[in-house]
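The values are calculated or read from the model by the stated rules, or taken from the named source; none is laboratory data. Owing to the predicted nature of the structure, the values given are computational and were not obtained by experimental measurement. Here the Cβ positions follow ideal geometry from the backbone for every residue, glycine too, while neighbour counts run over all protein chains shown.
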Amino acid sequence: MAAKEQVLLERASRFDEQALAEVYDTYSPGIFRYAWRLLGDADLAEDCVSETFDRYLRALHKGNGPQEYLQAYLYRIAHNWITDYYRRSPPPSMPLDLELADDHSRQPPFLADRAIELSQLRQALAQLTPEQRQVILLKYLEDWDNQDIAQALNKPVGAIKSLQHRALEALRRLLVRQDMAV
């Protein structure tokens, strides 16, 4: 863990307002993106961010909270909130905005093909298990490495690699099946 994050953790545990603001400013945008991709709703994603930091502050007040790996700790809280949400209601269709930066033409045929591909990807991701979907989102959309994902999910790195492998294989099968149906 970086020395800067350790100092930030120590300051936050003493309820230094500037440190708490820095924690929020640093991690809330990523948690929002992560929650939005899993929940498919900006309002729910904002609720998740709010609840994540509320739970973090409550843990600090109780003398708990992370001693290291703050980012993984916060994402685990967000993941638990999302899991609880899905237990209460079924997952919606996932409006992923992959924000793929293309230098290609913006002509209608290209845009239509891209919209179809994104729709197929959303449908395939929705059919993965929640853990598989989470690993794919963290790995490929948030650009996390396997060690960080393992910390966030509280699993060994080998389990993360296995989940990633199974998720990619399931996505491949689902997308091939969709192509054959078209």
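When the residues of the range 130-147 are narrowed to those that are surrounded by fewer than 19 Cβ atoms within 10 Å (Cβ to Cβ) and in contact (Cβ under 8 Å) with a residue 24 or more places away in the chain, which ends up farthest from residue 76 (Cα to Cα)?
141
Looking for something over 17 Å from the mean Cα position of the chain (by Cα) and at pLDDT 90 or above - is there at least one such residue anywhere in the range 61-82?
Yes - at least one qualifying residue is present in the range 61-82.
Criterion first (among the β-branched types (Val, Ile, Thr) and modelled with pLDDT of 85 or more) does residue 52 satisfy it?
Yes, satisfied.
Could we say that residue 112 is small (Gly, Ala, Ser), modelled with pLDDT of 85 or more and assigned to a helix (DSSP H, G or I) here? Spell out how you get there, then give the answer.
Working: small (Gly, Ala, Ser): yes; modelled with pLDDT of 85 or more: no; assigned to a helix (DSSP H, G or I): yes.
In short, no.
Just give me the residues in the range 150-170 being surrounded by fewer than 14 Cβ atoms within 10 Å (Cβ to Cβ) and of a type in the set (D, E, K, R), in sequence order.
Correct list: 169 only.
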